[in-house]
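No value in this document is a laboratory result; all are computed from the given coordinates. Since the structure is predicted, the reported quantities are computational estimates derived from the model, not experimental observations. For neighbour counting, all protein chains shown are included, and Cβ atoms are generated from backbone atoms with ideal geometry for every residue, glycine included.
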Amino acid sequence: MEQCAAVCKSVLFRPPYGRMKPSQARRLRQNGYRIVMWDILSCDFDGEITKEQCLENVLNHTREGSVVVFHDSIKAQEKMLFALPQMLAHFKAVGYSFEVL
């Protein structure tokens, strides 16, 4: 586990709710972080939508170059585990490729 902590440290920062003050962004950059925003919110956290609606939301709005947000929380787990593999399979089948940020 210690080895992973050293190897897996990320310099990416996604601001909660997509909001931050300019001073916060400046401080993050000064400390070597890269701020990453997104253009597609899967809504996997939303208790009002089904896992199928979550998938449809992503499939209907993702375009070339999109950054899609899925959450790794218990609240979002069922929808994320349903939608993410299908989203990846769909876009791979139509010729998209995926890159690590």
Quiz prompt | Label-point separation, GLN53 to LEU81 (7 Å along Cα→Cβ), nm | solution = 2.1
Quiz item: What is the Cα centroid distance between segment 46-75 and segment 87-101, reported in whole angstrom?
Solution: 15
